[in-house]
1. When only residues in the stretch A:408-467 that are in contact with a Phe, Trp or Tyr (Cβ under 6 Å, 6 or more places away or on another chain) and in contact (Cβ under 8 Å) with a residue 60 or more places away in the chain count, which is farthest from A:ARG348 (Cα to Cα)?
2. I want to confirm something. Restricting to the stretch A:82-95 and keeping residues that are out of contact with any Phe, Trp or Tyr (no Cβ under 8 Å at 6 or more places or on another chain) and at pLDDT 90 or above, which single residue is farthest from the other protein chains (Cβ to nearest Cβ)?
3. Output the residues belonging to the stretch A:96-147 that are at pLDDT 90 or above, away from chain B (no Cβ under 11 Å) and in a helix (DSSP H, G or I).
4. Limited to the stretch A:97-111, what total is found for residues that are surrounded by fewer than 22 Cβ atoms within 10 Å (Cβ to Cβ) and touching a residue at least 24 places away in the same chain (Cβ under 8 Å)?
5. Taking the stretch A:303-348 on its own, how many of its residues are out of contact with any Pro (no Cβ under 7 Å at 6 or more places or on another chain) and among the aromatic types (Phe, Trp, Tyr)?
6. Of all residues in the stretch A:315-339, which are over 17 Å from A:TYR360 (Cβ atoms) and touching a Ser or Thr at 6+ places or on another chain (Cβ under 7 Å)?
7. Of all residues in the stretch A:324-353 being hydrophobic (A, V, I, L, M, F, W, C) and facing chain B (nearest Cβ under 10 Å), which is farthest from the chain's Cα centre (by Cα)?
8. In the list B:ASP120, B:ASP135, which residue meets the criterion of being modelled with pLDDT under 95, among the charged types (D, E, K, R) and closer than 22 Å to A:LEU101 by Cβ?
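The values are calculated or read from the model by the stated rules, or taken from the named source; none is laboratory data. What you see is a predicted model; the values in this text were computed from it and never measured. Glycine also receives a Cβ, built like all others from the backbone with ideal geometry; neighbour counts cover every protein chain displayed.
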Amino acid sequence: MPPRGRHRRPPPGPKPAGGAGGNDITGKRASQAKNQRYARPLPVDVVTPIHGKQKAKQPTSWAQWFAAWLPGLTSDAATSSAHVKDEQDDLLVGYLDPTTLSVWVQVTPPHLLKAGPASLESQARIASQTRAARILWDAGFFGKGSLSRSEPTWRARKINEERVKLQRERGMKAYTPEELIAARRKERLHAKIERARLAVKAGQQLPDGIVALGGTLSVEEEKILAAKAEKEMQEEGDDGKEVEEEYGKHIPGLIYLGPKKDDEVQRDLTPQEKKRLEEEEANIEVEDMEYLHLSPYEVFFLAGMLGVLDVRTQQDDSISLSSLYLQLLASHLPLPIRTLNPSSTLARPDNPYLLSYIVYHHYRSLGWSVKSGIKFCADFLLYKRGPVFGHAEFAVVVVPVYEDKEDEASSPFPRHPAGGDRDWVWFSTMNRVQTQVLKTLVLAHVTIPSVKRLEKEGMGEALCTPEGLVQGLKDGKLHSVTEVSLRRWVPARMRG
Amino acid sequence: MTSIADEAPKPIGIESHRDYTPLAPLLSRYPRQAGPLFHAYHHLVHSAAWTDVAPVDIRGDDESDPAPVNSGSGWGALIGMRPQGTQPELLLPCHVTDNLSVAYFQAVFSSLETQAKSRDGLQTGHILLAILSPDSTVVYYKLAKGLVKPVN
């Protein structure tokens, strides 16, 4: 329990200018809205063939779910297939970008420029986004906005910036969330520097802390630093006090510096001015520069495994699945030489795209939401429900394991960063970031089948087609994934 | 109710995007680096609010290419000014799967000196490395020449 007065909560600051006035849904209603929006784990519907109609309908009660399951147990496979498409489930369209072998999905319909009247958040989103972008994100968190951290919100943020500008012109106090975050960070930094100064004066901390935070040392503090250094040199032989012991001690008289109160009085707008402002806000024009970016793994999962994505070329022709698969197998090569390599070389079991895809598919099929892990120095991040519901608990690194050592020697692909013999230094490095952010590192070992064994079993051509790949994986004759999870254990701290 | 969202989709890609025109010569010269170059430029200009971002070819005079064959690296870079910055910096885009050698970075730093002669105020003490992930995330790392004590 921190002593009273040490961490006083600062008074609430100015609120950000989000969407429209009065649509702040918070608390229980917000989480209900979230659960409703992200109800589907995948962009496929379960067909409910009750009453003889094949209309795909979202079951809304447990009785309907039960009725949907029961015929599936007794009737034949054709009617109980979960992937029956009907007119409501048109294929989602995306365009292949050959440079990165990703699929681009339009977020805002091309001709929509004006912001429109500020309405409730969900209605505004449905009116201004394409169906494909909405479904891909809402049902399974597929894709990433090219100019956003997760969901494509660039146009909404730009419109909000323009709104704030208009409001400021009329003398209203308005802030974008980004400005507020930057201001809070600055205040926190100043508070930390002041606290470090007070701690140095109290003799509890080295002045190094001030410089590391970006502050400057005064003459007094430099004298303290010199004195401390001398003392340490004299005490070198003894067991000097650990710096860590003094960290966290209560420093008498230290207060938390909150944000300054704004003394300006805000003038209220007349109804005519309000109406003018609303009209101007509705006429803000922003062209969408962003698109929804589907990574190569998501592309193959959606187009090949689920069959909900129609991948087209820049000339608006649909690409066949086998052609898409061969292009993806060559994704590690630069565009000009991709077609030069024959499929026999590319369709080897240790193809780097295949290895990562198999791990992606493995966790998706188990119900995890799988996103890129580059920000945490891993290959993938696993979310239980999705990025909007909480932080990822696991970071996955793909580790290839060869069944036959000769395949490793004859491999035409560049050396995998996690392949070969690894020592404890490598483990430590891999786990360093995960320890800081309290995630568990999962080493997903992919066993690469031996080329000789596959040829003996008549599966030499299995990897040349996506159907062969799926059949081979189902039969258990191809790759398999084994996980080893890692968390750093420090005996001194983790007793009991 | 037919909503606007039900219109037929139109093709989108790097070549039909607004950001392609200033980058076109560099993208065709260094095809391995095309993806990282486009995405770094796209992100800096529209999201990170960098100003005066210009593509630049930093290949040195000698024809030797120390970057290994399987690496996606090239000699395309971007020079621009960050929002609260005072001097322009060099940004080098690459793939997350690249193998970049020390010789490559040494060559980059030496060509940085040459660039600084024609560009006023270009920072020569460090470069920024923009690493592209398959899901279009770009992470930035600051690479300085030699040991530098970290200050916030």
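1. Start the filter on the stretch A:408-467 by keeping residues that are in contact with a Phe, Trp or Tyr (Cβ under 6 Å, 6 or more places away or on another chain), which leaves A:408, A:433, A:440, A:442, A:448, A:466.
Next cut, in contact (Cβ under 8 Å) with a residue 60 or more places away in the chain only: A:442, A:448, A:466.
On the way: A:VAL442: 25, A:ILE448: 10, A:PRO466: 13 Å.
Across the stretch A:408-467, the extreme among qualifying residues is A:VAL442.
2. Going through the stretch A:82-95, the residues out of contact with any Phe, Trp or Tyr (no Cβ under 8 Å at 6 or more places or on another chain) turn out to be A:82-93.
Of the ones still in play, those that are also at pLDDT 90 or above are A:92-93.
Numbers: A:LEU92: 9, A:VAL93: 5 Å.
Ranking the candidates gives A:LEU92 first.
3. Within the stretch A:96-147, A:LEU136, A:TRP137, A:ASP138 qualify.
4. So the answer is 2.
5. Residues meeting the conditions: 0.
6. A:ILE319, A:SER322, A:LEU326, A:LEU335
7. Within the stretch A:324-353, the subset hydrophobic (A, V, I, L, M, F, W, C) is A:324, A:326, A:328-330, A:333, A:335, A:337, A:340, A:346-347.
Pick out the ones that are also facing chain B (nearest Cβ under 10 Å) and you get A:333, A:335, A:337.
Working: A:LEU333: 26, A:LEU335: 27, A:ILE337: 32 Å.
Within the stretch A:324-353, the match that is farthest from the chain's Cα centre (by Cα) is A:ILE337.
8. Numbers: B:ASP120 fails: closer than 22 Å to A:LEU101 by Cβ.
Going through B:ASP120, B:ASP135 in turn, the sole match is B:ASP135.
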